[in-house]
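Structure first, commentary second.
Just so you know, all these numbers are worked out from the coordinates, no wet-lab data involved. Everything numeric here is computed off the predicted structure, so don't read it as measured data. Heads up, the Cβs are rebuilt from the backbone with ideal geometry, glycines too, and the neighbour counts pull from every protein chain shown.
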C-alpha cells in the first residue's frame, strides 16, 4: 500500500462540494488508497428511504472517475458492523447512522442505531473508538507515520455558519486522530457567504 488519505465527513455530498479538487488528486494516483468515511446516512432520518440513492450516487461517481467496478462486504470495527465498498484505490465506509440519531448521540448522549438496524452506538466515545479503529487499519497497513485526514473544521470561528452535523463530525475526527494524524480542516457552507 502506498500513501493513504482520509475524507471523514458528515454527509455524502460534503467532500464533493467542499474538498472535491483534492479528493480527485488523491484518487487519480493509483498508488494511493483513498478512504471515505460517512458519519451519517446523509439526510436519511429514521424511516426515510433516501439513503440508498445517496449511496448509489456517490458509488457511481467513483466508478465514473476510475472506470472500476466495486466490491462490497461487511466489516466489524470496535464491535460494529459497517458496510465497506472497494473501488480500485477508493475504500468507502457508510456508518448509516440517521442524521437525527447522530445529532441526538452527540448532543444528549442517546444511543444511535443505524438505519439498517445492524448496530447501535451507545455513546459518542463508542463512535470515536469505531472511527479510530477504521483509521488505524489503514495507517498501520500503509506504514504512514502521520497520514492526512480531511474533515470539516469544528472551529466555529474559522468555519462560521456551518451546520451542527459538520461541527460534530470535526470534533469526532479531532478526538479519534489525536497526534497520530495530520488534519486538513475545510470550511463548509461559509465558503459561499460574503459579508
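Which of these values of Cα Rg over 2.2 N^0.38 Å was calculated from the structure shown: (1) 1.01; (2) 1.51; (3) 0.96?
(3)
Mind giving me the nanometre distance, one decimal, between the label points for residue 125 and residue 28, set 7 Å out from Cα along Cα→Cβ?
Placing both labels 7 Å along Cα→Cβ, they lie 4.4 nm apart.
Would you mind putting 3-13, 67-77, 170-180 in packing order, based on average other-beta-carbon counts within 10 Å, highest first? Kindly include the intermediate steps, with their values, before the conclusion.
Details: 3-13: 23.6, 67-77: 12.3, 170-180: 18.5.
Ranking the peptides 3-13, 67-77, 170-180 by packing returns 3-13, 170-180, 67-77.
Relative contact order (percent) for the chain, with alpha-carbon contacts under 8 angstrom and 6 or more residues of separation?
Reported as a whole number, the value is 23 percent.
What does the helix-only formula give at 222 nm for the chain: each DSSP H stretch with n ≥ 4 adding -39500 (n - 2.57), the total divided by the residues, and the result rounded to the nearest 500 deg cm²/dmol? Write down the numbers at each step before the final one.
Details: 6 runs with 73 residues, N = 195.
My calculation for the chain gives -11500 deg cm²/dmol from helical runs alone.
Below 8 Å, C-alpha to C-alpha, sequence gap of six or more: please give me the relative contact order for the range 127-184 in percent. Could the numbers behind the result be given before it?
Details: 53 pairs, mean separation 27.2, N = 58.
In percent, rounded to a whole number, it is 47.
Rounded to the nearest 0.05, what FRET efficiency is calculated for residue 184 and residue 136 with R0 set to 25 Å and r the Cβ-Cβ distance?
0.85
The range 1-71 to the range 116-186: how many Å between their Cα centroids?
15
Order 149-158, 25-34 from most to least packed using the mean count of other Cβ atoms within 10 Å.
Put in order of decreasing packing, that is 149-158, 25-34.
Need one word for the range 90-134: rounded, prolate or oblate. Basis is the Cα gyration tensor (sqrt eigenvalues a ≥ b ≥ c); a/c below 1.5 gives rounded, then a/b vs b/c decides. Intermediate values should be presented prior to the final figure.
Details: a/c = 1.94, a/b = 1.34, b/c = 1.45.
Here the range 90-134 falls in the oblate category.
If R₀ is 41 angstrom, what is the calculated FRET efficiency for the pair residue 72 and residue 158, using the beta carbon separation as r and rounding to 0.05?
Values: r = 36 Å, r/R0 = 0.88.
E(calc), rounded to 0.05, equals 0.70.
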